[in-house]
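K.L.:
First, the structure itself, so that you have it in front of you.
Just so it is clear, none of the values below were taken in a lab; they were calculated from the coordinates. Here the structure is a predicted model, which is why all the values come from computation and not from measurement. Quick reminder, even Gly has a Cβ in these numbers, built from the backbone with ideal geometry, and neighbours come from all protein chains shown.
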Amino acid sequence: MHKSKLSFARKAAALATASLVLTACNTSGGKPTAPPPAPQQQASAQAGVVPDYCPQVSLREGTAILRKGSGDDLQYIASIASTTRACRVRDGELYMEVGVAGRLVPGLSARAGSAELPIRVAVLDSGKVVYSQLGKQSISTDPSGGPKEFRYVDRAIRIPVPAGRTLVVYAGFDEGPQAGSARKPGS
């Protein structure tokens with residue numbers, strides 16, 4: 001009987017966790033990937049009201065994969081597998097958390113240490129940028145360790161509540177302009 005009570009408790013805890021994840025305004029990738037927030041973060045995220053509109057997160061073409069090196073000099077390939085978001089409205093502002101999850105696969109020239117993955121989150125309202133932040137996600141690299149998963153969350157998004165459903169949210173890798181790709185004036 002003790003064993004069945006323990007099994008029931010585990011099932012109940014799993015169901016409660018799944019319920020919390022599913023009730024959040026969540027993923028564009030089909031399955032939740034970010035771990036549940038810590039209790040302190042959960043309390044601050046719950047301040048405010050869940051809006052009926054929380055824009056999906058999109059990946060711009062060319063921002064889901066990041067390669068360091070090529071051919072025999074390939075150090076790693078990082079890829080974004082999914083995104084998620086959560087929204088709250090408080091004091092006339094929309095508070096958003098945008099999460100990105102993916103993995104890093106070591107290449108032939110991988111070195112032990114760490115890689116800094118540049119991840120940008122941008123929010124546009126009616127085509128105008130209202131938020132753009134470049135963050136860094138550090139991930140350990142080990143040539144013999146195989147793929148490593150990473151998670152990045154931007155919790156700093158605070159923008160005025162839009163008048164309609166006019167927001168577009170982008171997330172992805174952003175290394176900035178590539179060497180030699182500067183535009184000439186007038187082009």
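K.L.:
If each residue of separation counts as 0.36 nm, what is the full-extension length gain between ARG90 and GLU61 once their alpha-carbon separation is subtracted?
P.N.:
7.2 nm
K.L.:
Separate question: Check which residues have an amide H placed less than 5 Å from ILE157's amide H, if you skip close sequence neighbours.
P.N.:
Excluding prolines and chain starts, which carry no amide H, the hits are MET96.
K.L.:
In addition: Taking the beta-carbon count within 10 Å as an exposure proxy, list THR83, THR63, THR141 from fewest neighbours to most.
P.N.:
So the ranking, lowest neighbour count to highest, is THR63, THR141, THR83.
K.L.:
Could you pull out every residue, at least 5 positions away or on a different chain, whose amide H is within less than 5 Å of the one on GLY135? Hs are placed 1.01 Å off N in the peptide plane, and Pro or chain starts have none.
P.N.:
Sorted by chain and number, the residues that satisfy this are ILE119, ARG120, VAL121.
K.L.:
What's the exposure ranking of PHE150, PHE173, going from fewest to most Cβ atoms within 10 Å?
P.N.:
Ascending Cβ contact count within 10 Å gives the list PHE150, PHE173.
K.L.:
Nearest 20 debye, what's the magnitude of the dipole of the range 46-122 about its Cα centre given +1 on Lys and Arg Cβ and -1 on Asp and Glu Cβ? Each step should come with its number before you reach the end.
P.N.:
On the way: 9 positive and 8 negative charges, 26 e Å.
So the dipole magnitude of the range 46-122 works out to roughly 120 debye.
K.L.:
Based on Cβ point charges of +1 for Lys and Arg and -1 for Asp and Glu, what charge dipole magnitude is obtained for the range 82-171 about its Cα centre, in debye rounded to the nearest 20?
P.N.:
So the dipole magnitude of the range 82-171 works out to roughly 60 debye.
K.L.:
Another question, if that's okay. Using a 10 Å cut-off around each Cβ, can you sort CYS54, CYS87 from fewest to most neighbouring Cβ atoms?
P.N.:
Least to most surrounded, the residues fall as CYS54, CYS87.
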